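Note sheet for the following structure.
The values are calculated or read from the model by the stated rules, or taken from the named source; none is laboratory data. In this text, all values refer to a predicted model and were calculated from it rather than measured experimentally. With ideal geometry, Cβ positions are generated from the backbone for all residues, glycine too; neighbour counts draw on all protein chains shown.
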Amino acid sequence: MVNAKFIALRYLIIPTKQTSVEKYLEDNEKPDEEYPETPEGKRKLFEDTFLKEVLEYKRYKSEYAILGVYPITKYRYIGKLAKKMKRNEDIRKGDDTIKQELEIHPPCEFICDLKTQVFGLRKRSIVFDNEKAVSELLSEMASSRTLAYGYVVKFEPIPDKQAFWKVINGAKHIHSVKFTLNAPNLLGSDEECKGSLRNLKSRFNITAVDVKLENNEGGLKISEKEPVITHYVNYTEFGQGNWTVETDKNKFISSSDKIFTVTEDAKNFGDVANGIVDKMNENANKTPENNGDKNEPETIHPEDQETLL
């Protein structure tokens, strides 16, 4: 048994500005296939570009890949995020010992739910430093494939329920609270907040809005009785944005620090993957109604499953 923590992320597929697409196409061929701006179209885009191909990506001086992906149900895939690394090992040759450089690919198992757009990823420090870093990495990897079709993909941590209010209620001083709210992407999230953002998106073609409340003396008052704040919190808890609280001067706590995790046996990942994402969906508390049938289809057992790292 290998107990491991799996972090909960949600990915958003957001139409991007035409200028961004044109800039991308200056150095790349325009794809033949088009994906409509519908739940089914976005689902198919993510499935085709992120889950059905080997995706290799360089970020700074590191190389990553999405490998060994296959479906376990109609709407759920498992696979691994791997990091390319080099390691020196002592190799015995007769009476001599020589050092040899080996290439290794330490992996993180993941499960992706196409219905709820929830992404459960094993936490391994050898592959990524923290939740914020891996969210940015996955966003860049996915967007590198979807930009040609007019979309960007953004991964956001799903915080533990009530984490925001625990931080607020436990703080002696609050200097600032900042919410980053991504453009509406899923049904089922906070309707009040989503309606306001949809209006801004249609008028200004936004992909996100930042809202910051601040009191330099540390006397900021944040209450659960304030509807506007509650809408922002609900929206980010659904995984469609993030929040940051400054409790003391230059001391920040973010939703990435309070990410929801599930502990399971990574050695038998294929057997426990569905349970992991079920718990993550339960924490998010709501399931979008626009993503197809509510009942999961029967498990698929591909005859020729690709071997995972």
Output for the range 207-240, where each listed residue is on the phi > 0 side of the Ramachandran plot and either among the hydrophobic types (A, V, I, L, M, F, W, C) or modelled with pLDDT under 90 (or both): 239
Any hit, the range 86-108, residues being within 23 Å of residue 265 (Cβ to Cβ), in the same structural domain as residue 269 (by TED's automatic domain parsing) and in contact with a helix residue (DSSP H, G or I) (Cβ under 6 Å, 6 or more places away or on another chain): no
Residues that are on the phi > 0 side of the Ramachandran plot and surrounded by 10 or more Cβ atoms within 10 Å (Cβ to Cβ), drawn from the range 80-96: none
Hits in the range 88-118 (condition: of a type in the set (Ser, Thr, Tyr) and assigned to a strand (DSSP E or B)): 97
Options 74, 44, 58, 83; residue that is assigned to a loop (DSSP other than H, G, I, E, B) and of a type in the set (Lys, Arg): 74
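Farther than 30 Å from residue 224 by Cβ and either assigned to a loop (DSSP other than H, G, I, E, B) or out of contact with any Cys (no Cβ under 9 Å at 6 or more places or on another chain) (or both): is that true of residue 121 in this structure? Walk me through how you get there before you give the answer.
On the way: farther than 30 Å from residue 224 by Cβ: yes; either assigned to a loop (DSSP other than H, G, I, E, B) or out of contact with any Cys (no Cβ under 9 Å at 6 or more places or on another chain) (or both): no.
No; evaluated as a whole, the condition is false for this residue.
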Conditions (1) within 17 Å of residue 61 (Cα to Cα); (2) in contact with a helix residue (DSSP H, G or I) (Cβ under 7 Å, 6 or more places away or on another chain); (3) among the hydroxyl-bearing types (Ser, Thr, Tyr); number of the one not met by residue 125: (2)
Scope the range 238-283; condition more than 20 Å from residue 135 (Cβ to Cβ) and in contact with a helix residue (DSSP H, G or I) (Cβ under 8 Å, 6 or more places away or on another chain); matching residues: 247, 264, 265
Close pairs (7 angstrom Cβ cut-off, 6 or more residues apart or separate chains): closer than 17 Å to residue 119 by Cβ in the range 139-161, among the charged types (D, E, K, R) anywhere: 139/154; 140/59; 156/10; 157/131; 158/10; 159/237; 159/258; 160/258
